[in-house]
Amino acid sequence: MLDVVICGAGVAGCALAIHLRRQGLGVLVVGRSPAARPVGEHLPPHARPLLTELGVWADFLSDGHLRCPGVRSAWGSDQIEARDFIFTPFGDGWNLDRARFNRRLAHSARQAGAEVDDPAALTALERTPYGWQVDILRNGGRASRACRLVVDATGRASALARRLGSSRIADDRLIAVAGWLASAASGHDHTLLLEAVPQGWWYSTPLPDHTQIAVWMTDPPLRLDKPRALQALWRDHLARTTHIRQRVAGCTLVGEMLVRPANTYRMEPPFGESWLAVGDAAAALDPLSSMGIFRALTSAHSAAAAIARHLRGDPAALDDYATTMQRGFAEQMTMRMWAYRQEQRWADQPFWRARHTASSAGSVEEHPADRDRRGVAVVGGAGGIAHDLPGRNAV
Ligand SMILES: Cc1cc2nc3c(=O)[nH]c(=O)nc-3n(C[C@H](O)[C@H](O)[C@H](O)COP(=O)(O)OP(=O)(O)OC[C@H]3O[C@@H](n4cnc5c(N)ncnc54)[C@H](O)[C@@H]3O)c2cc1C
């Protein structure tokens, strides 16, 4: 019998598998690669100790991620403020080749002795006296495995937690509208650029594949079912920016645009009898702080300690994990509000007004429209919008 089955082979799932293997536990990770293109993720310098602890830092350095020397932001005023990573003890940040980063972590989990089935789907789970019996579909075949505990590491899908009765408590309805641009003259500016605008904010960063991404973070209502109109709106709002527009001047839009949910929420409860959630499956903050991957790594670290205690018979272990995660989330919510309050130029605009008032991912139930839009929408290309939602029978 396995000790733990982890559903989701992303950052949190693979990091957790490595930590659990080090405690001598039997682990299976059931995953499938994300359907959509990653949206230009940045890894801050202080993630380095966590990657070192996982034993992946040396390989990370040779994986072709782009060094990022700092963040420049026009936030609270039209003037750019620069934050240079040279002043951090951990060196540069990184603009990730996210698919490669995920593959690296999955490879390290296998090397640590975890089974990693990807692509595979957890199609059914049933409680047993010792824990769970789970059904897995892979390579067209089915397998049934027994385990003591299951973990939801499915990211924003929170697929397992929802299935086990957890609800999403959302703080906002932020979405990311992302376009990739082929650089006319990409230059050597590898910084992450942020710019606040009346209806939200933008970020732009060069990526390891030599494209540049420009992402508009805003609130619906946007007509997600009208790709051409959405692309026109993105272009129109891009033209109204000052710094982002300058950075991408002369670049051409390549490939499809993407719309992704990027809101702040937590799942309640984040654990139950013989299960818990890690990373975005448990809680997520909007990407303003670029802390999602860091949070996924730290939650995997805490979850591993809690699971080991739980499997040794400590009845308070999962409760303690949830308390620690909720405390961290509350602190980050306070920092998030502080950051949004630094921008007062459009305090009367709905986007900013909503973020200046006290909230706590505890007050707003998930908006019904968002319940149907948990996955990604692909805009452009063939002209349609494809939702990437879990299949009816799969977790
Ligand atoms: C627009 C945007 C920009 C962002 N920018 C940054 C940034 O710059 N820096 C940063 O640190 N963070 C950023 N984030 C956040 C970051 O992407 C997440 O916080 C992080 O990936 C969470 O890791 P995770 O392992 O919990 O989830 P994920 O990385 O999402 O991994 C979940 C995995 O589970 C798989 N999965 C889903 N459903 C199932 C299922 N039913 N069965 C099996 N597998 C399943 C998925 O395919 C995926 O592989 C951003 C997020 C958004 C939306």
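The values are calculated or read from the model by the stated rules, or taken from the named source; none is laboratory data. Since we're looking at a predicted model, the values are computed, not measured. All Cβ positions, even for glycine, are placed from backbone atoms using ideal geometry, and neighbour counts span all protein chains on display. These area figures cover heavy atoms from the full protein model, side chains too; ligands, DNA and RNA do not enter into them. Shrake-Rupley method; radii C 1.70, N 1.55, O 1.52, S 1.80 Å.
Which condition from (1) more than 30 Å from Val197 (Cα to Cα); (2) more than 15 Å from the ligand (Cβ to nearest atom); (3) surrounded by fewer than 19 Cβ atoms within 10 Å (Cβ to Cβ) is the one that Asp84 breaks?
With respect to (1) more than 30 Å from Val197 (Cα to Cα); (2) more than 15 Å from the ligand (Cβ to nearest atom); (3) surrounded by fewer than 19 Cβ atoms within 10 Å (Cβ to Cβ), Asp84 is out only on (1).
Across the stretch 127-143, which residue is most open to solvent (accessible area, probe 1.4 Å) among those that are over 28 Å from Arg309 (Cβ atoms) and not in a strand (DSSP E or B)?
Here the answer is Asn139.
Could you please give the count of residues in the stretch 303-321 that are surrounded by fewer than 18 Cβ atoms within 10 Å (Cβ to Cβ) and either within 16 Å of the ligand (Cβ to nearest atom) or outside any helix (DSSP H, G or I) (or both)?
Count: 5.
Yes or no: the stretch 231-240 includes at least one residue that is of a type in the set (Asp, Glu), part of a helix (DSSP H, G or I) and farther than 30 Å from Gly131 by Cβ.
Yes - at least one qualifying residue is present in the stretch 231-240.
Is there a residue being at pLDDT below 95, within 16 Å of the ligand (Cβ to nearest atom) and of a type outside the set (Lys, Arg) anywhere in the stretch 264-284?
No: zero hits.
Met333: farther than 20 Å from Met217 by Cβ and either β-branched (Val, Ile, Thr) or open to solvent by 10 Å² or more (accessible area, probe 1.4 Å) (or both), yes or no?
Answer is no for this residue.
Going by what's in this entry, would Ala229 be described as in contact with a Cys (Cβ under 7 Å, 6 or more places away or on another chain) and more than 29 Å from Ala283 (Cβ to Cβ)?
So Ala229 fails the test.
From (1) assigned to a helix (DSSP H, G or I); (2) open to solvent by 10 Å² or more (accessible area, probe 1.4 Å); (3) out of contact with any Ser or Thr (no Cβ under 9 Å at 6 or more places or on another chain), pick out the condition that doesn't hold for Ala300.
(2)
Going through Leu149, Leu181, Leu174 one at a time, which residue ends up being away from the ligand (no atom under 14 Å from the Cβ), farther than 23 Å from Gly13 by Cα and open to solvent by less than 30 Å² (accessible area, probe 1.4 Å)?
Leu181
What helices (runs of 4 or more DSSP H) lie completely within the stretch 3-70 and have 2 or more residues being more than 15 Å from Ile293 (Cβ to Cβ) and of a type in the set (A, V, I, L, M)?
Result: 11-22, 57-61.
Among the residues of the stretch 246-258, are any within 16 Å of the ligand (Cβ to nearest atom) and outside any strand (DSSP E or B)?
No.
Spot the failing condition for Arg245; the list is (1) open to solvent by less than 20 Å² (accessible area, probe 1.4 Å); (2) modelled with pLDDT of 95 or more, and only one is missed.
(1)
Which count do you get for residues in the stretch 8-41 that are open to solvent by 10 Å² or more (accessible area, probe 1.4 Å) and more than 13 Å from the chain's Cα centre (by Cα)?
Number satisfying all stated conditions: 10.
Yes/no per residue for (1) at pLDDT 95 or above; (2) more than 13 Å from the ligand (Cβ to nearest atom); (3) exposed (fewer than 15 other Cβ atoms within 10 Å of the Cβ); (4) under 21 Å from the mean Cα position of the chain (by Cα):
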position	(1), (2), (3), (4)
Leu51	yes, no, no, yes
Ser62	yes, yes, yes, no
Ala74	yes, yes, no, no
Asp78	yes, yes, yes, no
Gly91	no, yes, yes, no
Trp94	yes, no, no, yes
His107	yes, yes, yes, yes
Arg110	yes, yes, no, no
Leu125	yes, no, no, no
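Filter the stretch 271-291 for residues that are surrounded by fewer than 19 Cβ atoms within 10 Å (Cβ to Cβ) and not in a loop (DSSP other than H, G, I, E, B) and give the result.
Selection gives Gly272, Ser289.
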